[in-house]
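What follows is one structure encoded as structure tokens, with my remarks underneath.
The values are calculated or read from the model by the stated rules, or taken from the named source; none is laboratory data. Predicted, not measured: the structure shown is a model, and the values here were computed from it. Cβ coordinates were reconstructed from backbone atoms using ideal geometry, including for glycine residues, and neighbour counts include every protein chain displayed. Just so you know, the surface numbers come from the protein's heavy atoms only, side chains and all, with ligands and any DNA or RNA stripped out. Shrake-Rupley method; radii C 1.70, N 1.55, O 1.52, S 1.80 Å.
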Amino acid sequence: MQNLSLHEIREKYLSFFESKGHLRLPSFPLVPQNDNSLLLINAGMAPLKPYFTGKETPPAPRITTCQKCIRTPDIERVGKTARHGTFFEMLGNFSFSDYFKKEATAWAWEFSVDVLELPADKIWISVYEEDDDAIEIWVNHVGVPRDKIVKMGKEDNFWEIGQGPCGPCSELYFDRGVENGCGSPDCVVGCECDRFVEYWNLVFTQFDKDAEGNYNPLAKPNIDTGMGLERMACIMQNVNSLFEVDSVRKILDHVCKMTKAEYGKNAETDVSIRVITDHIRSTVMLLSDGVRMSNEGRGYVLRRLLRRAARHGRLLGVKKPFLFEIAQTVIAENGAAYPNLIEQAELIVKSVKTEEERFLETIEQGLAILSDYIKALTDSGKTVLSGEDAFKLYDTYGFPIDLTVEILEESNLSVDLEKFEEEMNKQRELARSSRGSQDEAGWDDDAFADLPDTEFVGYDTFECEAKVLAVVERENGEFDIIFDKTPFYAESGGQVGDKGGIWIGKDITVSMCVIDTQKQNGKIIHRAIVAENGKIAIGKNVFLRADWENRGDIIRNHSAAHLLQAALRQVLGSHVTQAGSLVDANRVRFDFTHLEAMTDEQLKEVEGLVNAAILANLPVETIVTTPDEATKLGAVALFGEKYGDTVRVLKMGDFSTELCGGCHVKNTGEIGLFKILSESGVAAGVRRIEAITGFNILKLIGDYENTTTKLAKVLKTQVSDVVIKAESLTEELKESKREIESLKGKMAAAESDDLANQAETVGKVSLIVTRVADGLDVNSMRAMGDHLKQNISNSVIVLVSVTDGKGSMVAMATKDAVEKGIHCGNIVKEASAILGGGGGGKPDSAQGSGNDFSKTLEAFNKIREMVASV
């Protein structure tokens, strides 16, 4: 039995099955592709579901992979045990209607005994109790002793999820010895202790379960196997947990170094070390596959993992960002197996650090408030935090509910989660109602379910003759119409749907106007309103024409979006990926991954690169090919696109090569020019550029000309001299302001001299409390106060001025008055409250406001009373 590293085991497995005729595929991303049933990939076979269900044809009948996986249902148990982790790698070999039980069992045994050199007498086999066929194969074909085979029930050894493909399982266990067992005489395969470790599951998908619960034999059965890489490494390295496996242990050691904690000395400390080690692995892997921090979906899973790790860092005494440094060790340990970690290293590290900094800004206040809640619960003898309080922590202070639950559990307290959800639903409903009908698209294709898919001919033409297949009138008088074919592009991949017209005959006045085009389940739906003579009948032929001018503006902007992404990657780096887009006739809005605002120089460089590509008049070529061939061509996938067996690759010279199903110019020169209007942030790690092209730039230039012409008239100068004139006027205004401030200061000094005569001795100090001239601002009153302080030692000055019915109050005190106990902040607080306002400040300086000046005398008397009491 060899002591193999995790990376060696991975490579030996994949190489072994390549030698058995399997196609080695790289790990699929953690984000499911075209599968809305999963939030994240959680099993080795999950990305291969379309092949097992027959929806797609696999690239080979035999496939082997090492798949990255994330599972978070047991996240609260991570760290508390040495077994649980959120990130793991699953080795697998798969057969799609090719080999079956004989080959799967024989190769599993061969790899275990001959390649890994596991002692044969330490391996046990479990089988489904009714699968006699598997037992006979293991005994007679593979040569496993019958007394090493254990029958188990359906719960343990039969794989099924509702209806559909399913079948019995056979699992391989490794006996780690009596010393690792529970000591019970009943300790056998299947025991919950650490003696018998299940390391490989072979699923024989041979049945199709129908609605009545019948198990019908599949004509072509499949094989689906899974071996946990970290679990296999534990066996090969003779360690007790995944956290002690070589590459994981290096990450754990870095955690210990950063936190100055020692692993294995304290149970609570060990929990935090394991949480940080596991969660930073998951965080790095999710970021490398394009997941970004957010408050919903995958982004929330990512944020939750990182913030939970950061919180455990605080428990170990770390109060500054540190996870971003450990992320670099995760990248170093896994970069050889997953090169995208190296490519995305800068983005990953920056993302981790940015989120850590954000969390540290909010956690202090949140923890303080939660601590008050816990004290109040304990003092009152209660054990459940109200849902309203938990929601306030979440909504106001950004404190994750799962973190609230976890911290409360540490004090044997809980949260009213039902009420918390009620508050969350109220917020969602409020947000939904504020959006009004924006989300109510109203596209309903139930009436079109039985129709054939619409043929789109709009790549090559903007008009065609078509047959009407269905017409549905909506309550608002609009119509949804389906044709057998159409030149109208349906909204997809960020490009808006076409507009245009429907004619009964080619030369007759337009009958209906198409105001939008959408696509659902292969049908292109034309939303239309009646123009003239608008009655069209199902089965009749009509003439369709998309608005070419509108389409022209759209495709110029769409093609510019491709050039923009290529330019951004050149200037900012390969970490830039598209995170969203909107391309209509007026502009291109492009969202992309980047952690900081672009500089003016970077924006100019990007704009220059795009315009250079436009003026180079590069040919725009569309290549229809397979996804694999597209990848070989270097094509970049665009946000929002779904890819099937064939894809469209859009190539713009050597400048840009991307996957895209949209409509585009024939050469880049047709775009005209490109102008960036703005760059801004839209979410954590996501920036947005808005830009225009073509005729929209001409319109912008026209608007600028109109503005400068009007400005020149206002300034009474020539257009060419507008800037010089504006600068001159600005300087004159600044000089006038300086003169006004100087005069105010002189007036304040003069008035201060008069006020000095009003000083009265109150208690231990000299007090001036008075209402000064109306219209003075706070700065003017401060200047007066400073002048008085310089001339009257041991003094307190309180001044009030009223402007448009609202008053301002300023209080100031000399150093020796403060030493005697004067506190201006307290004085202003009390006096402002009497005047119907509020205020406060420091002992030597404070300000406030009020609006009820009928009580001025009362307020001044309160001030005298407070000063006298010192």
Filter segment 666-679 for residues that are outside any helix (DSSP H, G or I), surrounded by fewer than 22 Cβ atoms within 10 Å (Cβ to Cβ) and in contact (Cβ under 8 Å) with a residue 24 or more places away in the chain and give the result.
666, 667, 672, 673, 675, 676, 677, 679
Within segment 317-329, considering residues that are in contact (Cβ under 8 Å) with a residue 60 or more places away in the chain and hydrophobic (A, V, I, L, M, F, W, C), the one surrounded by the most Cβ atoms within 10 Å (Cβ to Cβ)
326
Only one residue in 292, 314 is in contact with a strand residue (DSSP E or B) (Cβ under 7 Å, 6 or more places away or on another chain) and open to solvent by 30 Å² or more (accessible area, probe 1.4 Å), so which one is that?
292
Boolean, residue 12 is farther than 25 Å from residue 333 by Cα, touching a helix residue (DSSP H, G or I) at 6+ places or on another chain (Cβ under 9 Å), open to solvent by 50 Å² or more (accessible area, probe 1.4 Å) and in contact (Cβ under 8 Å) with a residue 24 or more places away in the chain:
no
With (1) farther than 19 Å from residue 458 by Cα; (2) open to solvent by 30 Å² or more (accessible area, probe 1.4 Å); (3) more than 28 Å from the chain's Cα centre (by Cα); (4) modelled with pLDDT of 95 or more as the list, and residue 613 as the residue in question, which single condition is left unmet?
(2)
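Okay, residues lined up against (1) more than 24 Å from the chain's Cα centre (by Cα); (2) more than 18 Å from residue 88 (Cβ to Cβ); (3) among the polar types (S, T, N, Q):
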site: 272; (1), (2), (3): yes, yes, yes
site: 281; (1), (2), (3): no, no, no
site: 301; (1), (2), (3): no, no, no
site: 308; (1), (2), (3): no, no, no
site: 328; (1), (2), (3): no, yes, yes
site: 347; (1), (2), (3): no, yes, no
site: 364; (1), (2), (3): no, yes, no
Take the residues in segment 117-130 that are in contact (Cβ under 8 Å) with a residue 60 or more places away in the chain and buried (at least 20 other Cβ atoms within 10 Å of the Cβ), then tell me which one is farthest from residue 153 (Cα to Cα).
118
Return only the number of the condition from (1) crowded, with 21+ Cβ neighbours inside 10 Å; (2) at pLDDT 90 or above; (3) within 25 Å of the chain's Cα centre (by Cα); (4) not polar (S, T, N, Q) that residue 652 does not satisfy.
(3)
Within segment 126-177, restricting attention to residues that are of a type in the set (S, T, N, Q) and closer than 23 Å to residue 236 by Cβ, which residue is farthest from the chain's Cα centre (by Cα)?
126
Check 368, 336, 332 and return the single one that is open to solvent by 40 Å² or more (accessible area, probe 1.4 Å), part of a loop (DSSP other than H, G, I, E, B) and of a type in the set (A, V, I, L, M, F, W, C).
336
Exactly one of these conditions fails for residue 353: (1) at pLDDT below 90; (2) open to solvent by 70 Å² or more (accessible area, probe 1.4 Å). Give me its number.
(1)
Search segment 582-613 for residues being out of contact with any Phe, Trp or Tyr (no Cβ under 6 Å at 6 or more places or on another chain) and among the β-branched types (Val, Ile, Thr), and hand back the single one that is farthest from residue 561 (Cα to Cα).
599
Show me the helices (runs of 4 or more DSSP H) entirely contained within segment 721-824 in which 3 or more residues are surrounded by fewer than 20 Cβ atoms within 10 Å (Cβ to Cβ) and at pLDDT below 85.
722-756
Quick test of your reading of the structure: residue 18 fulfils all but one of (1) out of contact with any His (no Cβ under 7 Å at 6 or more places or on another chain); (2) within 23 Å of residue 199 (Cβ to Cβ); (3) surrounded by fewer than 16 Cβ atoms within 10 Å (Cβ to Cβ); (4) without any contact (Cβ under 8 Å) to a residue 40 or more places away in the chain. Name the failing condition by number.
(4)
Let me spell it out: the conditions are (1) out of contact with any Phe, Trp or Tyr (no Cβ under 6 Å at 6 or more places or on another chain); (2) among the hydrophobic types (A, V, I, L, M, F, W, C); (3) modelled with pLDDT of 90 or more, and residue 75 meets all of them except one. Which number is the exception?
(3)
Residues in segment 52-72 that are in contact (Cβ under 8 Å) with a residue 40 or more places away in the chain and either crowded, with 19+ Cβ neighbours inside 10 Å or part of a loop (DSSP other than H, G, I, E, B) (or both): how many?
12
How many of the residues in segment 219-271 are among the acidic types (Asp, Glu), in a helix (DSSP H, G or I) and over 30 Å from residue 50 (Cα atoms)?
5
Residue pairs meeting the criteria (Cβ under 6 Å; at least 6 apart or on separate chains; first surrounded by 16 or more Cβ atoms within 10 Å (Cβ to Cβ), in segment 452-467; second among the aromatic types (Phe, Trp, Tyr)):
458/489; 462/548; 466/483
Starting from segment 208-219, keep only residues that are within 15 Å of residue 100 (Cβ to Cβ), then list their pairs with residues that are of a type in the set (Ser, Thr, Tyr) whose Cβ atoms are within a distance under 8 Å, requiring at least 6 positions of separation or different chains.
218/205
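Just checking, which of 358, 303 is open to solvent by 20 Å² or more (accessible area, probe 1.4 Å), of a type in the set (Lys, Arg) and more than 30 Å from residue 6 (Cα to Cα)?
Of the residues listed, the single one that is open to solvent by 20 Å² or more (accessible area, probe 1.4 Å), of a type in the set (Lys, Arg) and more than 30 Å from residue 6 (Cα to Cα) is 358.
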Any chance residue 673 is modelled with pLDDT of 95 or more and among the hydrophobic types (A, V, I, L, M, F, W, C)
yes
Looking at residue 831, is it more than 17 Å from residue 755 (Cα to Cα) and either in contact with a Cys (Cβ under 7 Å, 6 or more places away or on another chain) or surrounded by 17 or more Cβ atoms within 10 Å (Cβ to Cβ) (or both)?
yes
In segment 588-611, what residues are closer than 23 Å to residue 558 by Cβ and of a type in the set (Ser, Thr, Tyr)?
593
Could you tell me which numbered condition residue 182 fails, if it satisfies all but one of (1) surrounded by fewer than 23 Cβ atoms within 10 Å (Cβ to Cβ); (2) not in a loop (DSSP other than H, G, I, E, B)?
(2)
Which condition number in (1) within 28 Å of residue 647 (Cα to Cα); (2) surrounded by fewer than 19 Cβ atoms within 10 Å (Cβ to Cβ); (3) out of contact with any strand residue (DSSP E or B) (no Cβ under 8 Å at 6 or more places or on another chain); (4) not polar (S, T, N, Q) is the one that residue 627 fails?
(3)
Just one listed residue, out of 274, 308, is under 19 Å from residue 401 (Cβ atoms) and open to solvent by less than 40 Å² (accessible area, probe 1.4 Å), and it is 308
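Considering only residues that are touching a helix residue (DSSP H, G or I) at 6+ places or on another chain (Cβ under 7 Å) and not aromatic (Phe, Trp, Tyr), which ones fall in segment 573-592?
573, 574, 575, 576, 578, 581, 583, 584, 585, 586, 587, 588
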Unmet criterion (only one of (1) open to solvent by 30 Å² or more (accessible area, probe 1.4 Å); (2) assigned to a helix (DSSP H, G or I); (3) under 21 Å from residue 688 (Cα atoms)) for residue 549
(3)
